[in-house]
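To keep things clear, I will list the structure first and then write my remarks on it.
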Amino acid sequence: MIVLGIESSCDETAAAIVNDQRQILGECVLTQLEHKVYGGVVPEIAARCHLEHIDEILEETFKRANLKPQDIDAIAASSGPGLIGGVVVGVMAGKALALALNKPFIAINHLEGHALAARLTSDVKYPYLLLLVSGGHCQILIVKGVGEFERLGTTIDDAAGEAFDKVAKMLSLGYPGGPMIEKMAALGDENRFVLPRPLQNSHDCNLSFSGLKTAVRKIIESYAPDDNIEHAILRKQDTADICASFQKAATESLVYKLQKAIVIFKTKYPQGKDLVVSGGVAANTYLRNRLQQLADTEGLIFSAPPIRFCTDNGVMIAWAGMERALKGMYNGLDFKPRPRWPLDADAPKAAGAGGVKA
């Protein structure tokens, strides 16, 4: 079986083709650079860019796969959550192909794409414990199967990736902030500044990063003669030390709550052996190393997608589409894109084996 995946939920226009032998036959990604000047993604610009480039991305993907559109067996598209303008572009492109080729259409929850990505490149078996960390989402879940998720914890305010981006913006490091924070942190002293680990005294698996972000802001303001963050005078070493201290605090917050989640996971599913991290923040090697240590200590197998598949891409959507297609989980062409779509919400009903429903 061969599945095409389309991703357009934020600022990457991407497509990929995979087969049921876990082979990536072709892929293409366009990262929108137009947003850097604004320090964040502008939804209207993102949607327009998706619309302008989706056709050429699809054409190039088929070219790299050395396939024709009629060679594929199903079309999967990221259908939410995300910036609705961009989501609509990808969904409509997917539906148009499905209708023209008389192929099944599969609506993919963007988060499920991240959640299942490690199963393409590693021998991860259900059920497994997942830490999903990105710019817009931060959740701890048990993945029991395709479309079967049990949420153990989530952020009550900012996502981890959002906190990385905002701290980077405070320090004028540029956008996206995560890679810049990690780069500067490698030069810094992670123990110089004492920062909070929010919700450490709570008994649940929920997370919080707003207080941590505010604590960093106060440190930066202390370097300004008038407590105005824009007037802060920081040496390069000061910036590096702040980045390192922040990265350590954010990582330890995640690890601490994961330890609680592991106890629950082992109790409910003693046969489960895998700890997986996915999402854009999963590209952070400092976090990966700490999670590897945690998995080793807890007797679990740690897995993560290759770094290039942590950020938004078509491969993860194509693979999630493959997992659904192999179970006959197709959708009708009347599926409505969703700006919000909780991963642990009930999945929409499939249209049946045919999938195409006008």
Exercise for the section: Could you calculate, for the range 64-115, the ratio of the Cα radius of gyration to the Kirkwood radius, expressed as Rg to Rh? Expected result: 1.01
Practice task
Compute the semi-axes of the equivalent ellipsoid of the range 183-300, taking the square root of 5 times each eigenvalue of the Cα gyration tensor, and list them largest first in whole Å.
Solution key: 33, 16, 10
Practice task
Show Glu34, Glu44 ordered by accessible area, largest first, where the area counts protein heavy atoms only and the probe is 1.4 Å.
Solution key: Glu44, Glu34
Practice task
Calculate the length of the line joining the C-alpha centroid of the range 170-228 to that of the range 1-46, in whole Å.
Solution key: 30 Å
Handout entry: Cβ-placed point charges (K, R +1; D, E -1), dipole of the range 183-321 about Cα centre in debye, nearest 20
Key = 400 debye
Completion exercise
The size of the Cβ-based charge dipole (Lys, Arg +1; Asp, Glu -1) of the range 17-165 about the Cα centre, to the nearest 20 debye, is 400 debye
Fill in the blank from the handout: With all protein chains in place and a 1.4 Å probe, Phe193 shows an accessible area in Å² (nearest 10) of 30 Å²
Completion exercise
Taking the dipole of the range 23-88 about the Cα centre (Lys, Arg +1; Asp, Glu -1; charges at Cβ), the one of Leu58, Gln32, Ala74 that reaches farthest to the positive side is Gln32
Handout entry: Magnitude of the charge dipole, the chain, Cβ model with Lys/Arg +1 and Asp/Glu -1, debye to 20
Key = 740 debye
Problem - Selection from Pro179, Met1, Val89 lying farthest towards where the dipole of the chain points positive, charges on Cβ - result: Met1
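Between Rg and the Kirkwood Rh of the range 188-238, both from Cα atoms, what is the Rg to Rh ratio?
Rg/Rh: 1.08.
Find the accessible area per residue for the range 1-144; the probe is 1.4 Å, ligands and nucleic acids are left out, and the unit is Å².
Normalised by residue count, the accessible surface of the range 1-144 is 37 Å².
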Exercise for the section: Heads up, I need the accessible area for Cys10: 1.4 angstrom probe, whole protein in place, Å², nearest 10. Expected result: 40 Å²
Practice task
Just reorder Met92, Met184, Met316 by solvent-accessible area, largest first, 1.4 Å probe, all chains present.
Solution key: Met92, Met184, Met316
Exercise for the section: Stick to the Cα atoms of the range 25-127, pair each with every other, and give me the Kirkwood hydrodynamic radius in Å at one decimal. Expected result: 15.2 Å
Handout entry: Accessible-area composition of the chain, carbon plus sulfur, in percent [1.4 Å probe]
Key = 52 percent
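Restricting to the chain, what percent of DSSP beta bridges are antiparallel, rounded to 5?
Expressed as a percentage, antiparallel bridges in the chain total about 60.
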Fill in the blank from the handout: Projected onto their principal axes, the Cα atoms of the chain stretch, largest extent first, over whole-Å spans of 65, 48, 31
Exercise for the section: Return the calculated 222 nm mean residue ellipticity for the chain, to the nearest 500 deg cm²/dmol, obtained by summing -39500 (n - 2.57) across DSSP H runs with n ≥ 4 and dividing by the residue count. Expected result: -13500 deg cm²/dmol
Exercise for the section: Answer rounded, prolate or oblate for the range 140-228, using the Cα gyration tensor with square roots of eigenvalues a ≥ b ≥ c: rounded when a/c is under 1.5, else prolate when a/b is larger than b/c, else oblate. Expected result: prolate
Problem - For the chain, the longest site-free run once trypsin sites (Lys or Arg not before Pro) in DSSP loop states with at most 13 other Cβ atoms within 10 Å are removed - result: 126-234
Handout entry: Over 21 Å between alpha carbons, listed pairs Lys36/Lys95; Lys63/Lys336; Lys36/Lys248; Lys236/Lys257; Lys103/Lys327; Lys218/Lys257
Key = Lys36/Lys95; Lys63/Lys336; Lys36/Lys248; Lys236/Lys257; Lys218/Lys257
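Taking every pair of alpha-carbon atoms in the range 90-177, give the share separated by more than 22 Å as a whole percent.
Here the long-distance tail beyond 22 Å is 48 percent of all Cα pairs in the range 90-177.
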Handout entry: Accessible area (Å², 1.4 Å probe, nearest 10) - Ser210
Key = 40 Å²
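The values are calculated or read from the model by the stated rules, or taken from the named source; none is laboratory data. Remember, predicted model here, so these are calculated numbers, not experimental data. Note: ideal-geometry Cβ built from the backbone for every residue, glycine included; neighbour counts use all protein chains shown. Surface accessibility is based on the protein's heavy atoms, side chains included, excluding ligands, DNA and RNA. Shrake-Rupley method; radii C 1.70, N 1.55, O 1.52, S 1.80 Å.
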